[in-house]
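Just so you know, all these numbers are worked out from the coordinates, no wet-lab data involved. Only a predicted model underlies this, so the values are computations on that prediction, with no experimental measurement involved. We place every Cβ from the backbone using ideal geometry, glycine too, and count neighbours over all the protein chains shown.
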Amino acid sequence: MPTHRIRHALVALLAALTLLWLLAEPSPWPQPLTWFSFRAVFVQYSGVIAIGVMSVAMLLALRPRRLEPHLDGLDKMYRLHKWLGIAALSTSVLHWWFAKGTKWMVGWGWLERPVRGPRPAGVERSYLEALLGSQRGLAETVGEWVFYAAAILMILALVKRFPYHLFAKTHKWLAAAYLALVFHSVVLEKFSYWTQPVGVILALLMAGGTVAAVLVLAGRVGARRKVRGTVVETRRYPGVDSLETVIEMAPGWPGHAAGQFAFVTVDAKDGAHPYTIASAWDAQSPRLSFITKALGDHTRALPELLRPGRAVTVEGPYGRFDFEDGRARQIWVGAGIGITPFVARMQQLARRGGPHAQVDLFHATTQRDEAALARLRADAEAAGIRLHVLVDAEDGRLDGERIRRLVPDWAQASLWFCGPGGFGRTLRADFAARGLPARAFHQELFQMR
């Protein structure tokens, strides 16, 4: 299953933060158990979880390539980033309600605040504890208003209809919100936690998250992996409403494996957009090809923007959709524009002199462009790949049953899928129900939000 590593990572993070908090909290279930005694404990626990997962999400925003082998690629890391954001939002809502809602319920007469006893005699607070205590009011106010802003930004990030270029700009503001929430957390975290493992881990996470937030706000994400390029050629495929762009790279591009992707910046105001690389790498001819389909305002404008001679910035490469699983039998499914990583792989195999595995490639499309299909057939023939093209209106929809009928030895194969997420989930469930191991199904989760 393509998300098992990041699912395990999320569960492990939440479990680790919970365990560390339990070790630091002498009475997680206070007696007597009342609303206020539970509130005091839960506000601390939810605060630990919220700032912990936000810190990891902020670190992932830097696109750290060293984590790709462990989390199965940047596409999976972005999915984890999204899940961490949802976890942070959910926990923060509960944290806010117990902190702020309790005050409202006291004001409404629903709850009666217990009388606070005098401070134990002889207990002296350190200078640092007193200093942090003097900032409680400011930290509470900052936390409340930043929570409202951050919640709106997180919700917008989850709304797919919210335009990508606006998402890219507004999502950066979460880095500023995070810095404010670090201040909130440092001041309001129980002071005794700082001498416990939970405080040490949170301090390290917040320090790393703070550095990451500053780099995000400064526009330095991926700065060392950005290389200038120049558009040298474009080819339009009107039948499938797609554009192929060939970019000549300046010195510094490290090369890429078939199946990887890169972020391309055409206009700094519009930001970077991720595209799968649709060509094999040749150091003697340092060029990259990208195939884009007109699916939104940005991609529809590309034919006018990407004229020969146009300078662009390419950041990467990223991804682990590399076809290297040691299987002697493979099935590839490229649906729609999801055909691009397979085009790159076929070009790579053609240069090697043929595939190391027996491969059937299924290309499902709702549209037909004869020039595009002719190039696809030529690439498949050169690579020694058996190609199956299915146009929905002419051949019916592609499904697991058709694949198994055309590939009788499918049980010995691994399946590599790139295309619409819903189709991929259906196909994965279909094959899993018939015994295909989860580790044999590879899916590119090409969604950056």
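The table for this structure:
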quantity	calculated
Spin-label pair Ala374/Val93, simplified geometry with 7 Å Cα→Cβ offset, distance in nm	5.5 nm
Pairwise centroid distance, computed over Cα atoms, of region 255-276 with region 1-61, Å	35 Å
Net lengthening on full extension, Trp104/Leu33 (0.36 nm per residue, minus Cα-Cα)	23.5 nm
Peptides 350-358, 126-134 ordered by average Cβ neighbours within 10 Å, highest first	350-358, 126-134
Region 322-449: relative contact order in percent, alpha carbon pairs under 8 Å with at least 6 residues between	30 percent
Approximate spin-label separation Leu295-Val115, in nm, with each point projected 7 Å along Cα-to-Cβ	6.5 nm
FRET E, pair Ala283, Arg352, Förster distance 22 Å, beta-carbon r, rounded to 0.05	0.90
Sites Leu305 and Ala218, calculated FRET efficiency, Cβ-Cβ separation with R0 22 Å, nearest 0.05	0.30
Relative compactness, region 320-401, computed as alpha-carbon Rg over 2.2 N^0.38 Å	1.07
Loop trypsin sites (Lys or Arg not before Pro), region 177-286 (other Cβ atoms within 10 Å of the site Cβ: 16 or fewer; DSSP)	Arg220, Lys269
Burial ranking of peptide ranges 85-91, 400-406 (average Cβ count within 10 Å, highest at the top)	85-91, 400-406
q = 0.14 Å⁻¹, region 142-263: log10 I(q)/I(0) [Debye, one scatterer per Cα]	-0.87
Under the Karplus curve 6.51 cos²θ - 1.76 cosθ + 1.60, θ = phi - 60°, whole-Hz ³J(HN,Hα) for region 391-397, x wherever Gly or Pro sits	8, 3, 5, 9, 10, x, 6
On Cα atoms only, tilt of 74-96 relative to the major axis of the chain in degrees	30 degrees
Links that overshoot a 24 Å alpha carbon limit, given the list Lys100/Lys160; Lys76/Lys269; Lys76/Lys293; Lys172/Lys226; Lys82/Lys190; Lys269/Lys293	Lys100/Lys160; Lys76/Lys269; Lys82/Lys190
Residues Asp241 and Arg386, FRET efficiency given R0 of 30 Å [Cβ-Cβ distance, rounded to 0.05]	0.65
Region 196-293: projected area of the alpha-carbon convex hull, averaged over directions, in nm²	9.0 nm²
